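No value in this document is a laboratory result; all are computed from the given coordinates. Keep in mind that this is a model prediction, so the values were computed, not measured. Cβ: placed from backbone, ideal geometry, glycine included. Neighbour counts: every protein chain shown.
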Amino acid sequence: MNISDVPELLVPMWLERQEAICDRIEALAVALADGTNDTDSQMSAHKLRGLLGTLGFSEGSETAAEVENTLMSGTPSQQVRTQLSNSLVVLHDELAAIRPAEGQ
Amino acid sequence: MIMTDSPQRVLLVDDEDDIRMVAEIALRDVGGFDTMTAESGEQALTKAVENPPPDVILLDMMMPQMDGLETLIRLQMRPETREIPVIFMTAKAQTAEIEKYVAAGALGVITKPFDPMTLADQVRGIVADGGA
């Protein structure tokens, strides 16, 4: 994932909101691993799925969709929680590492 | 329902700040719409009666407290807002869901994630088709 995934018109908005969006992914990863309030986590994953897809991060949207769908289909095992949480950590790190292109 | 061939003013309703921001850029900067925003169904009911009123309402389905469907029903119950076309935005855009939303009175459905470069065209297309 890199800055060229984001529609040019949305790059300033992404750069402004990048940290906050990464914080949301981190919070979801923690909540999912802890098993605290899966209803909120499902809603959070749903929102991230739409937002990341709209921003052009289709892989990130798919990761969020996987979390949403898993929580929708029942209470996941701790092993599944850990796997999904780890996927979110990877997503967080990839998005946090995105830097503006020269001149942006 | 009164159809506006060329809607100018869109009321965008979504509880998520970032989505409102993206959609507002898409509708205003790409599509040339005048935009109003609301962060909840309750706020949408108030904004929908402002002067001038919106020509079309773009309504997120999944919102806390008052969801999109309830907001639509409440808009339809008010004489001053019942004629305003409503388009749902939802990630749950399977055929059965779309049929349910249209049966409830929505003019159409836009799937999330949406393409910010074509969102305005989608809105205009749905309004022009009149839900056909």
(request) Find which of A:80, B:33, A:27 sits farthest along the positive direction of the dipole of the protein assembly as shown, computed with +1 on the beta-carbon of Lys and Arg, -1 on that of Asp and Glu, about the Cα centre. (result) B:33
(request) Taking amide H positions as placed in the peptide plane 1.01 Å from N, state which residues far from residue B:56 in sequence (5 or more) or on other chains have amide H under 5 Å from it. (result) B:9, B:11
(request) For the range A:23-35, just list the computed ³J(HN,Hα) in residue order, Karplus coefficients 6.51, -1.76 and 1.60, θ = phi - 60°, integers in Hz, with x standing in for Gly and Pro. (result) 4, 5, 5, 4, 4, 5, 4, 5, 5, 5, 5, 6, x
(message) Please compute the length gained on full extension between residue B:51 and residue B:82, using 0.36 nm multiplied by the number of residues separating them and subtracting their Cα-Cα distance.
(response) 9.6 nm
(message) Need one value for A:35-46: mean number of C-beta atoms belonging to other chains within 10 Å of its residues' C-beta atoms.
(response) 1
(message) Under the 0.36 nm per residue contour assumption, what length would be gained going from the current alpha-carbon distance of residue A:97 and residue A:16 to full extension?
(response) 27.7 nm
(message) If each DSSP helix of 4+ residues adds -39,500 (n - 2.57) and the sum is divided by the residues in chain A, what number results at 222 nm, nearest 500 deg cm²/dmol?
(response) -24500 deg cm²/dmol
(request) Using Cα centres only, tell me the gap between the range A:20-41 and the range B:88-128 in whole Å. (result) 28 Å
(request) With runs of 4+ DSSP H residues as the only contributors, calculate the mean residue ellipticity of chain B at 222 nm using -39,500 (n - 2.57) per run, divided by the residue total and rounded to the nearest 500. (result) -9500 deg cm²/dmol
(message) Please list, by residue number, every one of the GluC sites (Glu not before Pro) in the range B:1-90 that is coil in DSSP and has at most 10 other beta-carbon atoms within 10 Å.
(response) B:80
(request) With everything on Cα atoms, drop me the angle between helix A:38-54 and the longest principal axis of chain A, reported from 0 to 90° to the nearest 10. (result) 30 degrees
(message) Placing unit charges on C-beta atoms (Lys and Arg positive, Asp and Glu negative, everything else neutral), compute the dipole magnitude of chain A about its Cα centre in debye, rounded to 20.
(response) 180 debye
(request) Assign unit charges at the C-beta atoms only (+1 for Lys and Arg, -1 for Asp and Glu), then state the dipole size of chain B relative to its Cα centre in Debye, rounded to the nearest 20. (result) 320 debye
(message) Multiplying the sequence separation of residue A:72 and residue A:90 by 0.36 nm and subtracting their Cα-Cα distance, what value in nm do you get?
(response) 4.3 nm
(request) Please compute the net charge surrounding residue A:58, taking Lys and Arg as +1 and Asp and Glu as -1 over other residues with Cβ under 11 Å from its Cβ. (result) -2
(request) State the number of lysine pairs found in the protein assembly as shown whose Cα atoms come within less than 20 Å, restricting to pairs 8 or more positions apart or on distinct chains. (result) 5
(request) Let me know the mean shielding of A:50-60 by other chains, meaning the per-residue number of their Cβ atoms within 10 Å of its Cβ. (result) 5
